[in-house]
1. Suppose the chain between Ala120 and Ala69 were pulled fully straight at 0.36 nm per residue; how much longer would it get relative to their current alpha carbon spacing?
2. Translational diffusion coefficient of the stretch 126-212 at 4 °C, 1.567 mPa s, Stokes-Einstein with Kirkwood Rh over Cα pairs, in µm²/s as a whole number.
3. Between Asp158 and Gln109, what length in nm is gained on full extension when 0.36 nm per residue of separation is reduced by their alpha carbon distance?
4. What order do you get for 120-128, 170-178 when each peptide is scored by the mean count of other beta carbon atoms within 10 Å, highest first?
5. Could you work out the mean projected area of the convex hull around the alpha carbons of the stretch 40-123, in square nanometres to one decimal?
6. What Kirkwood radius, in Å to one decimal, follows from the Cα pairs of the stretch 84-123?
7. Grab the Cα-Cα distance for Ser198 and Val98, subtract it from 0.36 nm times how many residues apart they are, and report the gain in nm with one decimal.
Amino acid sequence: MDRHTQRARRWFSGIAVGATLTLGDPVSAQEMRPRAAEPIPEPQLSERLAELVPTCLACHGENGVPNYAESPIVDGQHEGYLFIQLRDYKNGARKHEVMNEVVKDLSRQDLRELAAYFAARPWPRVDQPPVADENGVVERLLAEGQCRECHGADFMGDGTMPRLAGQLTAYLVSTMRAFRLKERTNNAAMGSLLDTFSDEEIEAIARYLGAL
């Protein structure tokens, strides 16, 4: 065996050993399958708050879809926004006969825990019929109301600004009218922005947002 043949054999032998060390045992199809994302655990609630949650779900829905058309989706809503609304219900800045009663004896920490709990739940998909924006009327109304400036280009909100995309249409109509009529007063800017909008314009905006 000449010198070149011996060198070639040593080279191929090295490749085989390296491949054995690198590849190891065959990988099963199960091992190659991407791992499912770990579910995000819901925040733990105190026993007292855990007992209160069924009362919340009676209106807002066990699966996140409210049982009443004018009750908002709260599952997956932003934690900061939920906390502010709960705080305002407690101190009376936002009026609602049921909600004022539900939170009246809760502490500030209780409100924070409830907000975190519902924010951690997934936003439900509610199929509401899409609306054709003929002649760009809704876009004009959204621009006049400066809606994207606060709620974001896609109306997903952030922090203390609520998500509007996919919210129940009936709730959006109800709360926008309440702002316009100054029946809801815990956000003066909203009352001013909606002051000149007609019922028909409010309904058009609500249908558009609800279908997103």
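1. Going from the current span to full extension adds 16.1 nm.
2. Answer from the Stokes-Einstein relation: 100 µm²/s.
3. 15.5 nm
4. 170-178, 120-128
5. 5.1
6. 10.4
7. Here the segment from Ser198 to Val98 would lengthen by 33.2 nm.
Every number in this text was worked out from the coordinates using simple rules, so none of it is lab data. Model, not experiment: these values are computed from the prediction. Using ideal geometry, Cβ is built from the backbone for each residue, glycine included, and neighbour counts are taken over all protein chains shown.
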